[in-house]
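Have a look at the structure below, then the notes.
The values are calculated or read from the model by the stated rules, or taken from the named source; none is laboratory data. Computed from a predicted structure; not experimentally measured. Glycine gets a Cβ as well: all are built from the backbone with ideal geometry, and neighbour counts include every protein chain shown. Note: accessible area is taken over every heavy atom of the protein model, side chains too, but ligands, DNA and RNA are not part of it. Shrake-Rupley method; radii C 1.70, N 1.55, O 1.52, S 1.80 Å.
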Amino acid sequence: SQAKVFDKDQKVSTNFKDVAGLAEAKQEVEEIVQFLKSPAKYTKLGGKIPKGALLVGPPGTGKTLLAKAVAGEANVPFFSMSGSDFVEMFVGVGASRVRDLFKQAKEKAPCIIFIDEIDAIGRARGRNPNMGSNDERENTLNQLLTEMDGFDTNSGVIILAATNRADILDRALMRAGRFDRQIHVELPDLNERAEIFNVHLRPLKLNEDAKVEFLSKQTPGFSGADIANVCNEAALIAARKDRESVTKQDFLDAVDRIIGGLEKKNKIISQDE
Ligand code: ATP
């Protein structure tokens, strides 16, 4: 089958206001927005605009959201692909997809290229010969390095990549002129969870007993994605009960359900090991 390998979003509607918490990360990517909006301001004194940055942090913390918001704020197209789509590809296919992606992106510059789960293609090369090498993965990685080296820093294409395993990435990816900046995206603390709840409660019809402070306290260790799930699940539970609005109890039931799901996932992971 012809796997879909990259997406193109010409008109991104995600903005920084959709990204709650992550104050430091937002501040760092704000600079990228400025590079995209007024490159000349930065290059006229001889400076080189960075080619890319690596967003590092646990699953569901908003890395994709943040990358999309950069494109939305700068009002530029967003090209995206996931590293995991490249595993087990036929010889030559991964590398040629990467080539196509960069070709199209350069034509649409200024723009963002976002590579999710870059560790799937960017794992360190050939460390253990007995592991059975995935040649196409290496070809894909080499093509990515070639593409990154092959365009002018001031071409207006900025590459953001996300990973939760920066430790296993091939050092070559982090060399100067490639992903030489790392932006950390961490799990939210209590106040940040409140901010994330405020974003995801916006579309809900809330009962007055459902309070953000209470909900934030009930959800230690939850990611932004988990919180988005809680809000949606609570609304569905309330609807099933034919309620007029979403109550505190619906949120508690939703939290239990999400915790149950997370525990099941952890159990499966530990069985695999
Ligand atoms: P993964 O590593 O699993 O790809 P990610 O870090 O890229 O995860 P996203 O895909 O950006 O996470 O987050 C999933 C969803 O969770 C978002 O679309 C959004 O609804 C919600 N979310 C996550 N983080 C935040 C945040 N900081 N503010 C608001 N919503 C968030």
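Placing R0 at 35 angstrom, the Cβ-Cβ distance between LYS44 and ARG175 gives a FRET efficiency of 0.85 after rounding to 0.05. Other residues within the sphere of radius under 14 Å centred on the Cβ of ASP250, judged by their own Cβ, net out at 0 (K and R +1, D and E -1).
Between the beta carbons of VAL212 and GLN10, assuming R0 = 30 Å, the FRET efficiency works out to 0.30 to the nearest 0.05. Under a Gaussian network description of the chain, with springs only between Cα atoms under 10 Å, the residue in GLU107, GLU30, GLU186 that fluctuates furthest is GLU107.
In a reduced charge model with +1 at each Lys and Arg Cβ and -1 at each Asp and Glu Cβ, the chain shows a dipole moment near 700 debye about its Cα centre. Translational diffusion coefficient, Stokes-Einstein: compute it for the range 156-199 using the Kirkwood radius over C-alpha pairs as Rh, at 20 °C and 1.002 mPa s, and state it as an integer in µm² s⁻¹. Result for D is 164 µm²/s.
State the percentage of accessible surface on the chain attributable to carbon and sulfur atoms; use a 1.4 Å probe and exclude ligands, DNA and RNA. If you can, show how the numbers build up before the last one.
Working: 7020 of 14400 Å².
For the chain, the apolar C and S fraction of the accessible surface comes to 49 percent.
For the pair LYS264 and PHE151, label points projected 7 Å from Cα toward Cβ lie 4.2 nm apart.
Round to the nearest 10 and give me the degree value, 0 to 90, for the angle of helix 93-107's Cα axis relative to the longest principal axis of the chain. Orientation of helix 93-107: about 90 degrees from the principal axis. Between 0 and 90 degrees, the angle of helix 224-240 with respect to the longest Cα principal axis of the chain falls at about 40 degrees.
Taken about its Cα centre, the range 148-273 carries a charge dipole of about 160 debye when Lys and Arg each add +1 at the Cβ and Asp and Glu each add -1 at the Cβ. For the range 43-121, the list of trypsin sites (Lys or Arg not before Pro) that fall in a loop by DSSP and count at most 12 other C-beta atoms within 10 angstrom reads LYS44, LYS48. Residues PHE197, PHE6, ordered by accessible area of protein heavy atoms at a 1.4 angstrom probe radius and largest first, appear as PHE6, PHE197. Entry note, the chain: the mean residue ellipticity at 222 nm calculated from DSSP H runs of n ≥ 4, each adding -39500 (n - 2.57), is -14500 deg cm²/dmol after division by the residues and rounding to the nearest 500.
Between the alpha-carbon centres of the range 155-193 and the range 39-101 there is a gap of 10 Å.
Could you point to the residue in GLY21, MET174, GLN249 farthest towards the positive end of the chain's charge dipole, with +1 and -1 charges on the Cβ of Lys/Arg and Asp/Glu respectively? Comparing the listed Cα positions along the dipole, MET174 ranks first. Expressed to the nearest 5 percent, the antiparallel share of DSSP beta bridges inside the chain is 15 percent.
So what is log10(I(q)/I(0)) for the chain at q = 0.08, 0.16 1/Å, when the Debye sum runs over its Cα atoms only? Result of the Debye calculation: -0.39, -1.21. Contact order, relative form, for the range 168-273: 25 percent (alpha carbon pairs under 8 Å, 6 or more residues apart, mean separation divided by residue count). Structure remark: mean-square fluctuation, Gaussian network model of the chain, C-alpha springs under 10 Å; the largest value among ALA67, ALA109, ALA53 belongs to ALA109.
Here's the picture: charge each Lys and Arg Cβ at +1 and each Asp and Glu Cβ at -1 in the chain, and of MET81, TYR42, GLY221 the one pushed furthest to the positive end of that dipole is TYR42. Taking the longest Cα principal axis of the chain as reference, the axis of helix 190-201 is set at about 80 degrees. By the rule of a C-alpha distance below 16 Å, with chain neighbours fewer than 8 residues away ignored, the aspartates and glutamates paired with LYS41 are GLU30, GLU31.
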